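Trainee: Mind looking over this structure? Questions follow.
The values are calculated or read from the model by the stated rules, or taken from the named source; none is laboratory data. Source: prediction; values computed, not measured. Heads up, the Cβs are rebuilt from the backbone with ideal geometry, glycines too, and the neighbour counts pull from every protein chain shown.
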Amino acid sequence: MEKVWEELKKIEAQAEKIRSEAQDKAKKITTLAQQEAEKLIANSRAYAEEEAQQLYASTMEEANHIRDEQLKANQETTEKLRTNAEKRMEGASMAVVNAVFEENKP
């Protein structure tokens, strides 16, 4: 009976050792997993920041391009309006001059 009892104590000690080692390994694995997760999060943030900067630059470039096209179209429209106004001004000036002369005729 004594041998059985000693054998059970040995088995129990081995079981405790195995449990303790497993617990240590689990802590190490958990710590390592947490460190890796933190690295992934940091990398994700850096990647997201880079993507945001690229998107911002692209959006600004597109906005500037659209603005330049609109400015060019507005300048062309302004020039056409100016040309039409000048043509009409000549006719209007002549109409005023003729009207003045017509009124001053005896």
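Trainee: Here is a check on your reading of the model: is residue 25 part of a helix (DSSP H, G or I), of a type outside the set (Ser, Thr, Tyr) and surrounded by 10 or more Cβ atoms within 10 Å (Cβ to Cβ)?
Mentor: Criteria met by residue 25.
Trainee: For segment 38-83, which positions are at pLDDT 95 or above and of a type in the set (S, T, N, Q)?
Mentor: 43, 44, 53, 54, 58, 59, 64, 70, 74, 75, 77, 78
Trainee: If you don't mind, another one. Taking only segment 50-106 into account, find how many residues are among the acidic types (Asp, Glu) and under 40 Å from the mean Cα position of the chain (by Cα).
Mentor: 8
Trainee: Kindly provide the set of residues from segment 34-49 that are of a type in the set (A, V, I, L, M) and over 22 Å from the mean Cα position of the chain (by Cα), ordered by number.
Mentor: Scanning segment 34-49 gives a single hit, 37.
Trainee: Here is a check on your reading of the model: is residue 102 surrounded by fewer than 10 Cβ atoms within 10 Å (Cβ to Cβ) and in a helix (DSSP H, G or I)?
Mentor: So residue 102 passes the test.
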